[in-house]
Amino acid sequence: MREAPIRDLDSDLNAFKFTPRRAADQVGLRHLLKRRMLQTIQRLFQSSLIRLPLSWTGTLFGIIWASPLTAFGIALAIPIVIFSGHAQLIRGHTIALLVRGRLADFMLQRHPFGAMNAMAIGHVVIAEKSGLSSRVLIHELAHVRQAAWWGPFFPFAYLASSAWAALRGKNAYWHNRFEVAARKAEKHF
Ligand SMILES: [Zn+2]
């Protein structure tokens, strides 16, 4: 058995004494680096260099995802435009094709849920020939965004929400969560 030299013991003690402080420094440094990294990522996402392509990718994905609904909307839009109607591309937070005409008025008056000012089907908004207010347009564009988010499941989700409201003894249209959200969007107008 060999006795450990005293000098070695001292250096061990010093190492022991300094270890917690060094550990604390390392934790502090790691925390600082993590914060810097998060700030850099945040700044990168806020910069238009990243934000715009991300937003375009989101819009493009929404257009593809909602395309089965949009195809149905376009099938309705074609005869509207042919019968002295008019189509216009709307570009805002989302892209939509606004279609108006005599045939659109006819369709909206006979909507299965009752007469409407406008309706959104995927990325197509069918609206009355006259009297389309910005508020109504904002409401419909909110439905376009909902369709872009839910894709082909949107009509089912919409109907399920109406059914849920009706089951609770509420108005199937007014208390539909998608209508509530669209009315909320109108307030930002
Ligand atoms: Zn609505």
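The values are calculated or read from the model by the stated rules, or taken from the named source; none is laboratory data. The structure displayed is predicted, hence computed values, not measured ones. Neighbour counts run over all protein chains shown; Cβ positions are idealised from the backbone, glycine included.
Scan region 108-132 for residues that are farther than 20 Å from Glu179 by Cα and either of a type outside the set (Gly, Ala, Ser) or within 15 Å of the ligand (Cβ to nearest atom) (or both) and jot them down. Quick ask: steps written out before the conclusion?
Pass one, region 108-132, residues farther than 20 Å from Glu179 by Cα: 129-131.
The answer is Lys129, and nothing else.
Restricting to region 151-180, name every residue that is touching a residue at least 24 places away in the same chain (Cβ under 8 Å) and either touching a strand residue (DSSP E or B) at 6+ places or on another chain (Cβ under 9 Å) or assigned to a helix (DSSP H, G or I) (or both). Steps first, answer last, please.
From region 151-180, those touching a residue at least 24 places away in the same chain (Cβ under 8 Å) are 151-152, 154-155, 173, 178; that's our starting set.
Correct list: Gly151, Pro152, Phe154, Pro155, Phe178.
Based on this model, can you work out whether Leu103 counts as within 12 Å of the ligand (Cβ to nearest atom), in a helix (DSSP H, G or I) and either under 24 Å from Phe61 (Cβ atoms) or touching a Phe, Trp or Tyr at 6+ places or on another chain (Cβ under 7 Å) (or both)?
Values: within 12 Å of the ligand (Cβ to nearest atom): no; in a helix (DSSP H, G or I): yes; either under 24 Å from Phe61 (Cβ atoms) or touching a Phe, Trp or Tyr at 6+ places or on another chain (Cβ under 7 Å) (or both): yes.
No, not satisfied.
Go through (1) more than 17 Å from the chain's Cα centre (by Cα); (2) modelled with pLDDT of 95 or more and name the single condition Met116 misses.
(2)
Out of curiosity, is Leu89 away from the ligand (no atom under 16 Å from the Cβ), closer than 21 Å to Pro68 by Cα, not polar (S, T, N, Q) and not in a helix (DSSP H, G or I)? Outline the logic, then answer.
Numbers: away from the ligand (no atom under 16 Å from the Cβ): yes; closer than 21 Å to Pro68 by Cα: yes; not polar (S, T, N, Q): yes; not in a helix (DSSP H, G or I): yes.
Answer is yes for this residue.
If Leu137 meets every condition in (1) modelled with pLDDT under 95; (2) aliphatic (A, V, I, L, M); (3) more than 16 Å from the ligand (Cβ to nearest atom) apart from one, which number is that one?
All conditions are met except number (3).
If Glu186 satisfies all but one of (1) away from the ligand (no atom under 11 Å from the Cβ); (2) touching a helix residue (DSSP H, G or I) at 6+ places or on another chain (Cβ under 8 Å); (3) not hydroxyl-bearing (Ser, Thr, Tyr), what's the number of the condition it fails?
That leaves (1) as the condition not met.
Scan region 122-136 for residues that are surrounded by fewer than 21 Cβ atoms within 10 Å (Cβ to Cβ) and aliphatic (A, V, I, L, M) and jot them down.
Quick first cut of region 122-136, residues surrounded by fewer than 21 Cβ atoms within 10 Å (Cβ to Cβ) only: 128-136.
Passing the criteria: Leu132, Val136.
Among the residues in region 174-182, are any within 16 Å of the ligand (Cβ to nearest atom), within 17 Å of Leu69 (Cα to Cα), surrounded by fewer than 20 Cβ atoms within 10 Å (Cβ to Cβ) and in the same structural domain as Ala75 (by TED's automatic domain parsing)? Don't jump to the end; show me each part of the working.
Going residue by residue through region 174-182, those that are within 16 Å of the ligand (Cβ to nearest atom) are 174-182.
Within this subset, residues satisfying the condition of being within 17 Å of Leu69 (Cα to Cα) are 178.
In the following step, the residues that additionally are surrounded by fewer than 20 Cβ atoms within 10 Å (Cβ to Cβ) were identified as 178.
In the following step, the residues that additionally are in the same structural domain as Ala75 (by TED's automatic domain parsing) were identified as 178.
Checking region 174-182: at least one residue is within 16 Å of the ligand (Cβ to nearest atom), within 17 Å of Leu69 (Cα to Cα), surrounded by fewer than 20 Cβ atoms within 10 Å (Cβ to Cβ) and in the same structural domain as Ala75 (by TED's automatic domain parsing).
Could you tell me whether any residue of region 30-38 is among the aliphatic types (A, V, I, L, M), surrounded by 15 or more Cβ atoms within 10 Å (Cβ to Cβ) and either touching a residue at least 40 places away in the same chain (Cβ under 8 Å) or out of contact with any Leu (no Cβ under 8 Å at 6 or more places or on another chain) (or both)? Walk me through how you get there before you give the answer.
Narrowing region 30-38 to residues among the aliphatic types (A, V, I, L, M): 32-33, 37-38.
Then drop every residue that is not surrounded by 15 or more Cβ atoms within 10 Å (Cβ to Cβ), which leaves none.
There is no residue in region 30-38 that is among the aliphatic types (A, V, I, L, M), surrounded by 15 or more Cβ atoms within 10 Å (Cβ to Cβ) and either touching a residue at least 40 places away in the same chain (Cβ under 8 Å) or out of contact with any Leu (no Cβ under 8 Å at 6 or more places or on another chain) (or both).
Which condition does Ser55 not pass, out of (1) surrounded by 12 or more Cβ atoms within 10 Å (Cβ to Cβ); (2) in contact with a helix residue (DSSP H, G or I) (Cβ under 7 Å, 6 or more places away or on another chain); (3) on the phi < 0 side of the Ramachandran plot, if it passes all the others?
Failed condition: (2).
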